[in-house]
Amino acid sequence: MKIIEGYAEAKQALARQVSAGLEDAEREKTVRQIIAEVRQQGDKALYDLTEKLDGVELKSLEVPREAIKRAAKGIDADLLAALNLAAERITAYHEIQKNKLLHDKTDGGLGWLIRPLERVGVYVPGGTAAYPSTLLMTAIPARVAGVKEVVVATPPDKTGSVPQLTLAAAHLAGVDRVFSIGGAQAVAALALGTETVPRVDKVCGPGNRYVLLAKKLLYGTAGIDGLYGPSEVVIIADDTANAAYVAADMLAQAEHDPLATAILLTTSRELAEAVGGEIARQLEDLPRRDTTVASLKQRGMIAVVASVDEAIDLANLYAPEHLCLVVANAADYVDKVKNAGCLFVGEDAVEVLVDYVAGPSHVLPTEGTARFGSPLNVLDFVKLITLVEMGEADVQKLGGAAARIARAEGMEAHARAAERRLKGGRK
């Protein structure tokens, strides 16, 4: 891997380009057409688009409930136990979050009510592989938040079926319905509704570029949780870090996708060279070697900087999905981190554990959106209703100011509505 020297060169390399490009413009045309077809033709469009785009002829859009219930019995017992452990920890984490964050409150007649969404659609990638972890990480927080109905859309495999692993996870997460639909057409079906697929209040979950664009274009028709791109990690390490561990964590990120990003920012030239050597050695027998190599060549980077503070400054600029602090006294630097989807403190805070079993959702802001976005959490599945309770004393105290501001804005009816109460015209 290439090694960059110094803060200035690293800063230039980490600057994100704000440009959608012609490729995304062409994709957007395609997605707009898909949305239009689903809006106009409903279920028929879903069958036709699945055959045209995925090469799969569906017999039914919805997976029978009995198939979901049976799925857990058909997978390896140890794997089922691992999924159960993940489900328990994800539930426990978000229950704590709910208890700390979600409370109705009234103070002096002003406050807010917290209400869960009625129905949420969870998109789970698939088609060539099964991702039960993503289903658990998305559906369970919705359930904990109190969403009444959780439905899942996920691409069918080449036989037209949803993988047993995905269905088993759906059962463990308490999902109500599962639809074997993928891509932009699945997002459109969830946001718009069809004869079979119910319209949801919000669409959540990661997907490919077409899924991302569909969520973006349909925002307003339904809510969305965020726009998730290829996965990324920034590791900040000093000379106390284990080069083999750092390399393993970078490779774990790079094997996701050729567009995934694995970056090491280090204060040690020796560590930089050792990590480069470890990456070469560990790559040799990786099953997804070609994907991993493509990612490292296109998006991978090692930069040597003068201090941990410089590295954190660069990380805040980049705003990565995952940020790992593998330095001496790592906890001392936590307050300096401003932009990251998930922060891992110390060598034993292993990113892969959060990917699967630690508890927090692995659905995280990417592509710099950690500057303003948050990980998927219980707040994504509720809404606030402002609560106002006032009496005559409040009207007398505030009505005059309201009338003056209203009249200054040219809103005479507003002013008179306040003044009518000031005059005591209740009867």
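The values are calculated or read from the model by the stated rules, or taken from the named source; none is laboratory data. For clarity, every value in this text was computed on a predicted model and none was experimentally measured. Counting neighbours? That spans all protein chains shown, and the Cβs are built from the backbone with ideal geometry, glycine included.
General observations
- Of all residues making up the range 360-391, the number that are assigned to a helix (DSSP H, G or I) and either free of Cβ contacts under 8 Å to residues at least 12 places away in the same chain or in contact with a strand residue (DSSP E or B) (Cβ under 8 Å, 6 or more places away or on another chain) (or both): 2
- Qualifying position, being over 25 Å from VAL31 (Cβ atoms) and among the aliphatic types (A, V, I, L, M), among LEU117, LEU192, LEU172, LEU135: LEU172
- Residues considered: PHE372, PHE344. Of these, the only one that is of a type in the set (A, V, I, L, M, F, W, C) and loosely packed, with under 15 Cβ neighbours inside 10 Å is PHE372.
- When we screen ALA274, ALA260, ALA247 for residues that are hydrophobic (A, V, I, L, M, F, W, C) and farther than 24 Å from ASN339 by Cα, the only hit is ALA274.
- Residue ID - farthest from PRO132 (Cα to Cα), chosen from residues in the range 343-359 that are assigned to a strand (DSSP E or B) and of a type in the set (A, V, I, L, M): VAL345
- Only listed residue being crowded, with 17+ Cβ neighbours inside 10 Å, over 41 Å from the mean Cα position of the chain (by Cα) and either at pLDDT 95 or above or part of a strand (DSSP E or B) (or both), chosen from ALA415, ALA315: ALA415
- Unmet criterion (only one of (1) buried (at least 19 other Cβ atoms within 10 Å of the Cβ); (2) over 17 Å from LEU46 (Cβ atoms); (3) among the hydroxyl-bearing types (Ser, Thr, Tyr)) for TYR219: (1)
- Cβ pairs under 6 Å, 6+ apart, first in the range 159-183 and farther than 16 Å from GLY127 by Cα, second among the acidic types (Asp, Glu): ASP176/GLU149
- Test: residue in the range 67-83 that is part of a helix (DSSP H, G or I), modelled with pLDDT of 95 or more, of a type in the set (D, E, K, R) and in contact with a Leu (Cβ under 7 Å, 6 or more places away or on another chain): no
- Among the residues of this structure, ALA340 counts as one that is in contact with a helix residue (DSSP H, G or I) (Cβ under 9 Å, 6 or more places away or on another chain), of a type in the set (A, V, I, L, M) and either part of a helix (DSSP H, G or I) or within 17 Å of ALA311 (Cβ to Cβ) (or both).
- In this structure, THR50 qualifies as farther than 30 Å from GLY368 by Cα and touching a helix residue (DSSP H, G or I) at 6+ places or on another chain (Cβ under 9 Å).
Yes/no per residue for (1) out of contact with any Ser or Thr (no Cβ under 8 Å at 6 or more places or on another chain); (2) under 25 Å from LEU384 (Cα atoms); (3) in a strand (DSSP E or B):
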{"position": "ILE114", "(1), (2), (3)": "yes, yes, yes"}
{"position": "VAL122", "(1), (2), (3)": "no, yes, yes"}
{"position": "GLY127", "(1), (2), (3)": "yes, no, no"}
{"position": "PRO141", "(1), (2), (3)": "no, yes, no"}
{"position": "VAL150", "(1), (2), (3)": "yes, yes, yes"}
{"position": "THR166", "(1), (2), (3)": "no, no, no"}
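- One residue stands out among those in the range 314-338 that are touching a residue at least 24 places away in the same chain (Cβ under 8 Å) and of a type in the set (Gly, Ala, Ser): the one that is farthest from ASN242 (Cα to Cα), which is ALA319.
- The set of residues from the range 303-312 being outside any helix (DSSP H, G or I), over 12 Å from LYS11 (Cα atoms) and of a type outside the set (Ser, Thr, Tyr) comprises just one member, ALA306.
- Checked against (1) modelled with pLDDT under 95; (2) farther than 28 Å from TYR210 by Cβ, LYS59 passes all but a single condition, namely (2).
For (1) surrounded by fewer than 19 Cβ atoms within 10 Å (Cβ to Cβ); (2) of a type in the set (Ser, Thr, Tyr); (3) touching a helix residue (DSSP H, G or I) at 6+ places or on another chain (Cβ under 8 Å), each residue gets a yes or a no:
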site: LEU80; (1), (2), (3): yes, no, yes
site: ALA87; (1), (2), (3): no, no, yes
site: HIS103; (1), (2), (3): yes, no, no
site: GLU118; (1), (2), (3): yes, no, no
site: PRO125; (1), (2), (3): no, no, yes
site: GLY146; (1), (2), (3): yes, no, yes
site: LYS158; (1), (2), (3): yes, no, no
